[in-house]
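Written below as structure tokens is the structure these notes are about.
A short reminder: the numbers here are calculations on the coordinates, not readings from a lab. Remember, predicted model here, so these are calculated numbers, not experimental data. Glycine gets a Cβ as well: all are built from the backbone with ideal geometry, and neighbour counts include every protein chain shown.
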Amino acid sequence: MYKYLVRPLLFRFPADYAHEATVKFASSVSRSKWLLKTSNSIYNYSDNCLKQSIFGLNFPNPVGLAAGFDKNGTSCPLMEKIGFGFIEVGSITANASIGNPKPRSFRLPQDLSLINRLGLNNDGVQTISRRLRKLDLNIPLGINIAKTHDPAIMGEAAVQDYKTSFDMVKDFADYITLNISCPNTEEGKTFEEPETLQSLLKALKIHKDASLPPVLVKFSVDLDDSQLSELITICEDNAIDGYVATNTSSRRDGLATPQKVIQNIGRGGLSGSAIKNRSTEIISNIHAQTKGEKIIIGVGGISSGRDAIEKLKAGADLIQIYTGMIYEGPGIVKKINQEIAEYLKTNGYEHIYHIRKIRDQ
Ligand SMILES: Cc1cc2nc3c(=O)[nH]c(=O)nc-3n(C[C@H](O)[C@H](O)[C@H](O)COP(=O)(O)O)c2cc1C
């Protein structure tokens with residue numbers, strides 16, 4: 001129904017409007033017990049072979065909602081009922097921000113991809129934390145934090161800005177993701193500069209505080225192998241618990257969408273099928289460098305069970321989706337879970353853990 005009815009309708013509107021309307025709708029449904037129950041009966045899918053305990057948390061299935069869809073944590077109850085095994089809210093920043101002027105998100109249907117330059121629009125850590133503390137979810141809730149979208153906040157102030165959000169969410173998040181690919185200086189430098197990452201991780205004192213929830217670092221898909229390796233070394237020295245790979249790309253090569261259209265869109269992060277292969281390579285690299293000892297959440301261009309299995313085989317323990325859901329609709333969560341379960345059964349594997357065992361042999 002989504003592909004033939006809802007999507008054609010939504011795609012008649014600019015991407016920004018369609019997204020805002022969808023989030024508003026999802027937030028309203030999240031407040032109705034009856035609609036939540038109905039959504040659950042349509043979309044939920046459960047299979048013991050997909051259940052995992054990771055970080056001591058129970059994940060009913062490996063498919064999570066990627067950061068950026070529910071930036072303000074207003075639609076978590078619906079996301080749980082449409083079958084996600086976990087949710088990552090955010091990116092949340094210390095100060096609220098309205099983000100960049102519109103238009104700021106664009107569809108590339110020929111590439112099953114999107115470009116966005118939302119600019120970290122969110123209600124700010126205080127308001128969102130108050131909202132999230134009231135939730136009663138049965139699935140893990142990750143919180144993705146970033147530096148406030150304000151080029152005037154840089155250097156030590158940027159680290160402190162991050163720390164404000166970190167300190168405010170650390171006692172109720174099931175895990176925290178540090179989104180380090182957002183610009184943090186006027187020249188657009190990010191926390192993916194080795195020295196800046198080192199100072200951020202030091203300030204958060206992750207290795208010294210046993211009471212913290214697991215802390216993960218999210219990398220951009222544009223890092224080359226040596227940059228990635230250097231950043232992983234810094235993360236490992238600072239006792240990071242896992243990785244989210246990957247965020248969007250600023251590159252534009254290999255797209256089927258005409259160059260003129262791409263040029264007219266301008267800057268922004270590319271997501272969806274166009275980044276799928278490099279994102280999988282980055283997962284493999286992290287898996288190899290950390291000798292399979294760290295948890296990896298694989299994200300980037302997943303729109304089928306097959307894409308998800310590729311990420312799991314490369315080294316991911318869990319996966320997330322965003323752009324795939326824009327093109328395929330909410331039924332994609334159940335579809336991916338069913339396809340993973342089918343794959344396991346067809347190949348004689350009893351449990352999703354077997355994929356891990358096979359790839360680590
Ligand atoms: C519109 C949009 C907004 C996003 N906002 C964020 C964000 O605030 N923080 C973040 O870490 N990632 C953000 N992302 C990146 C996604 O979480 C994900 O890493 C990326 O889109 C690749 O996955 P996909 O191909 O399934 O979309 C955003 C992606 C999109 C499309």
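Do any helices (runs of 4 or more DSSP H) lying entirely in the range 1-84 carry at least 3 residues that are surrounded by 14 or more Cβ atoms within 10 Å (Cβ to Cβ), and which ones are they?
Result: 15-30, 33-43, 76-81.
Go through the range 282-320 and count every residue that is touching a residue at least 12 places away in the same chain (Cβ under 8 Å) and under 17 Å from VAL217 (Cα atoms). I'd like the intermediate steps shown before the answer.
We begin by selecting, within the range 282-320, every residue touching a residue at least 12 places away in the same chain (Cβ under 8 Å); these are 282-290, 292, 294-320.
The next check asks that each one be under 17 Å from VAL217 (Cα atoms); those that pass are 282-290, 292, 294-300, 315-320.
Total meeting the criteria: 23.
Does the range 310-326 contain at least one residue that is among the hydroxyl-bearing types (Ser, Thr, Tyr) and surrounded by 19 or more Cβ atoms within 10 Å (Cβ to Cβ)?
Going residue by residue through the range 310-326, those that are among the hydroxyl-bearing types (Ser, Thr, Tyr) are 322-323.
Applying the additional criterion that residues be surrounded by 19 or more Cβ atoms within 10 Å (Cβ to Cβ) yields 322-323.
Yes, some residue in the range 310-326 is among the hydroxyl-bearing types (Ser, Thr, Tyr) and surrounded by 19 or more Cβ atoms within 10 Å (Cβ to Cβ).
Specify which of the listed residues (ILE128, ILE139, ILE176) is part of a loop (DSSP other than H, G, I, E, B) and either farther than 30 Å from GLY329 by Cα or under 20 Å from the mean Cα position of the chain (by Cα) (or both).
Answer to the check: ILE139.
Which residue pairs have Cβ atoms closer than 8 Å, lie 6 or more positions apart in sequence or on different chains, and pair a first residue in the range 64-80 that is free of Cβ contacts under 8 Å to residues at least 12 places away in the same chain and over 24 Å from ILE296 (Cα atoms) with a second residue that is more than 10 Å from the ligand (Cβ to nearest atom) and not β-branched (Val, Ile, Thr)?
Every condition considered, no pair remains.
Could you go through the range 104-117 and let me know if any residue there is in a helix (DSSP H, G or I) and within 28 Å of GLY83 (Cβ to Cβ).
Yes - at least one qualifying residue is present in the range 104-117.
Scan the range 286-332 residue by residue and report those that are within 12 Å of the ligand (Cβ to nearest atom), of a type outside the set (Phe, Trp, Tyr) and part of a helix (DSSP H, G or I).
ASP307, ALA308, LYS311, THR323, GLY324, MET325, ILE326, GLU328, ILE332, listed by residue number.
This table checks each residue for (1) surrounded by fewer than 17 Cβ atoms within 10 Å (Cβ to Cβ); (2) more than 30 Å from PRO109 (Cα to Cα); (3) out of contact with any helix residue (DSSP H, G or I) (no Cβ under 9 Å at 6 or more places or on another chain); (4) free of Cβ contacts under 8 Å to residues at least 40 places away in the same chain.
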residue	(1), (2), (3), (4)
ILE234	no, yes, no, no
VAL244	no, no, yes, no
THR248	no, no, no, no
THR280	no, no, no, yes
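Within the range 266-283, can you find the residues that are within 13 Å of the ligand (Cβ to nearest atom) and part of a helix (DSSP H, G or I)?
Of all residues in the range 266-283, those within 13 Å of the ligand (Cβ to nearest atom) come to 268-280, 282-283.
Selection gives SER273, ALA274, ILE275, LYS276, ASN277, ARG278, SER279, THR280, ILE282, ILE283.
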